[in-house]
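Undergrad: Sending over a structure as structure tokens; questions will come in a sec.
The values are calculated or read from the model by the stated rules, or taken from the named source; none is laboratory data. Predicted, not measured: the structure shown is a model, and the values here were computed from it. When we count neighbours, we look across all protein chains shown, and the Cβ atoms used for this are built from the backbone with ideal geometry, even at glycine.
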Amino acid sequence: MNVVKTVADLRAAVTRARGEGKRIGFVPTMGNLHAGHIALVKKAGQRADFVVASIFVNPLQFGPNEDLASYPRTLTADQEKLFEAGCHLLFAPSVEEMYPHGQSMQTIVRVPGVSEGLCGGSRPGHFDGVSTVVSKLFNMVLPDLAVFGQKDFQQLAVIRTMVRDLNMPVQIIGQPTMRAEDGLALSSRNGYLNTEERAIAPALYRTLNQLADAIRNGHRNYQTLLAEGQQALQAAGLRPDYLEIRNATDLQPATANTRELIILAAVFLGKTRLIDNLLVDIIPASV
């Protein structure tokens with residue numbers, strides 16, 4: 001696996017691979033890689049001949065009181081994991097390489113609609129930073145496909161909408177959420193949890209499953225279900241940021257007629273913010 005730090009070297013390596021007739025797959029990350037990230041890389045390897053990963057802790061997507069400074073940076077260990085997963089090229093740029101004219105003068109890509117509310121409401125400007133850096137990375141790598149995890153479902157929706165609206169020739173592939181044995185969605189921020197908090201954290205996924213089971217059993221009063229879900233989260237020791245039932249296709253509020261639902265939640269546990277979601281398909285009753 002080659003490691004490059006400049007856009008020029010990245011483009012040269014991708015151009016060589018494309019010149020050999022290879023299909024380019026891309027996995028953008030912020031590093032501190034876990035099994036969920038590795039699944040993305042392996043998925044890209046199944047769909048493409050040449051896999052590029054990036055590691056860049058993007059300051060544009062962090063708010064002023066968030067964990068940019070403390071976000072774990074584990075480049076050496078990440079490189080070993082990527083090599084073992086079959087990654088061919090790692091792009092690990094500096095902030096100056098990504099934003100040579102400074103962040104305040106950077107053109108911003110904003111995706112309206114799907115970026116609003118949920119995490120977009122709790123983290124103002126977050127998705128502007130995500131869509132901006134991903135659009136830059138797409139222009140640098142020029143991949144045929146890119147793989148994103150479904151744990152960050154709103155982010156996936158933002159990227160898909162951006163690619164559609166800006167006519168980017170990139171196939172976006174969603175990878176199902178990877179979980180620990182107790183159901184907790186894998187996340188780099190799980191490392192912030194202490195032992196007691198880590199034991200509490202799986203209650204988030206259990207609550208989502210309880211709501212999903214109720215919906216599958218015919219409950220359609222979503223406001224009542226959400227109120228019960230909020231109570232369950234609080235009783236478990238979690239502080240809800242949001243808990244919503246939305247249309248999985250456009251993230252608009254679900255109605256009684258919505259067939260493809262997604263339950264999305266963000267909670268605080270100590271100083272750590274956890275997110276998760278669960279897709280629920282409603283099968284219409286036979287006539």
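Yes or no, residue by residue, for (1) of a type in the set (S, T, N, Q); (2) modelled with pLDDT of 95 or more; (3) not assigned by TED's automatic domain parsing to the domain that holds V141:
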residue	(1), (2), (3)
R16	no, yes, no
T29	yes, yes, no
A35	no, yes, no
I38	no, yes, no
I55	no, yes, no
N65	yes, no, no
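Undergrad: Condition first: under 18 Å from P253 (Cα atoms), of a type in the set (A, V, I, L, M) and touching a helix residue (DSSP H, G or I) at 6+ places or on another chain (Cβ under 9 Å). Now tell me which residues in segment 179-229 satisfy that.
TA: Result: L208, L211, A214, I215, L225, L226.
Undergrad: So which of V133, V95 is out of contact with any Cys (no Cβ under 6 Å at 6 or more places or on another chain), among the β-branched types (V, I, T) and either buried (at least 20 other Cβ atoms within 10 Å of the Cβ) or modelled with pLDDT under 95 (or both)?
TA: V133
Undergrad: Just one of A201, A214 is under 20 Å from I275 (Cα atoms) and among the hydrophobic types (A, V, I, L, M, F, W, C); which is it?
TA: Exactly one of A201, A214 is under 20 Å from I275 (Cα atoms) and among the hydrophobic types (A, V, I, L, M, F, W, C), namely A201.
Undergrad: Sticking with this structure for a sec: Across segment 75-86, which residue is surrounded by the most Cβ atoms within 10 Å (Cβ to Cβ) among those that are touching a Gly at 6+ places or on another chain (Cβ under 8 Å) and closer than 16 Å to F50 by Cα?
TA: A85
Undergrad: Something else about it: Working carefully through the options S104, S187, find the one that is surrounded by 22 or more Cβ atoms within 10 Å (Cβ to Cβ) and among the hydroxyl-bearing types (S, T, Y).
TA: S187
Undergrad: May I ask you to verify whether L142 is under 30 Å from A12 (Cβ atoms), in contact (Cβ under 8 Å) with a residue 12 or more places away in the chain and touching a helix residue (DSSP H, G or I) at 6+ places or on another chain (Cβ under 8 Å)?
TA: Considered against the rule, which asks whether it is under 30 Å from A12 (Cβ atoms), in contact (Cβ under 8 Å) with a residue 12 or more places away in the chain and touching a helix residue (DSSP H, G or I) at 6+ places or on another chain (Cβ under 8 Å), L142 comes out as yes.
Undergrad: Now a separate question. Looking at (1) in the same structural domain as R73 (by TED's automatic domain parsing); (2) over 18 Å from the mean Cα position of the chain (by Cα), find the lone condition where N194 falls short.
TA: Failing condition for N194: (1).
Undergrad: Among the numbered criteria (1) farther than 20 Å from L264 by Cβ; (2) free of Cβ contacts under 8 Å to residues at least 40 places away in the same chain, which one does I172 miss?
TA: Checking I172 against (1) farther than 20 Å from L264 by Cβ; (2) free of Cβ contacts under 8 Å to residues at least 40 places away in the same chain, the one that fails is (1).
Undergrad: Does V111 qualify as being in the same structural domain as V51 (by TED's automatic domain parsing), outside any helix (DSSP H, G or I), within 21 Å of P59 (Cβ to Cβ) and at pLDDT 95 or above?
TA: In short, yes.
Undergrad: Does any residue of segment 146-156 turn out to be in contact with a Gly (Cβ under 8 Å, 6 or more places away or on another chain), among the aliphatic types (A, V, I, L, M), under 30 Å from G21 (Cα atoms) and part of a helix (DSSP H, G or I)?
TA: yes
Undergrad: Count, please, the residues in segment 63-98 that happen to be of a type outside the set (V, I, T), closer than 20 Å to V27 by Cα, in a loop (DSSP other than H, G, I, E, B) and out of contact with any strand residue (DSSP E or B) (no Cβ under 6 Å at 6 or more places or on another chain).
TA: 6
Undergrad: Any chance segment 214-233 includes a residue that's in contact with a His (Cβ under 7 Å, 6 or more places away or on another chain) and modelled with pLDDT of 95 or more?
TA: Within segment 214-233, one or more residues are in contact with a His (Cβ under 7 Å, 6 or more places away or on another chain) and modelled with pLDDT of 95 or more.
Undergrad: Let me ask something additional. Touching a Cys at 6+ places or on another chain (Cβ under 6 Å), under 30 Å from G25 (Cβ atoms), modelled with pLDDT of 95 or more and surrounded by 20 or more Cβ atoms within 10 Å (Cβ to Cβ): which single residue out of Q175, Q154 fits that description?
TA: Only one candidate qualifies: Q154.
Undergrad: For V51, all conditions in the list (1) within 30 Å of A180 (Cβ to Cβ); (2) free of Cβ contacts under 8 Å to residues at least 40 places away in the same chain; (3) assigned to a loop (DSSP other than H, G, I, E, B) hold save one; what is the number of the exception?
TA: Just one mismatch for V51, condition (3).
Undergrad: Pick out the one residue from G125, G120 that is surrounded by 20 or more Cβ atoms within 10 Å (Cβ to Cβ) and within 17 Å of the chain's Cα centre (by Cα).
TA: Result: G120 is the single residue among G125, G120 that is surrounded by 20 or more Cβ atoms within 10 Å (Cβ to Cβ) and within 17 Å of the chain's Cα centre (by Cα).
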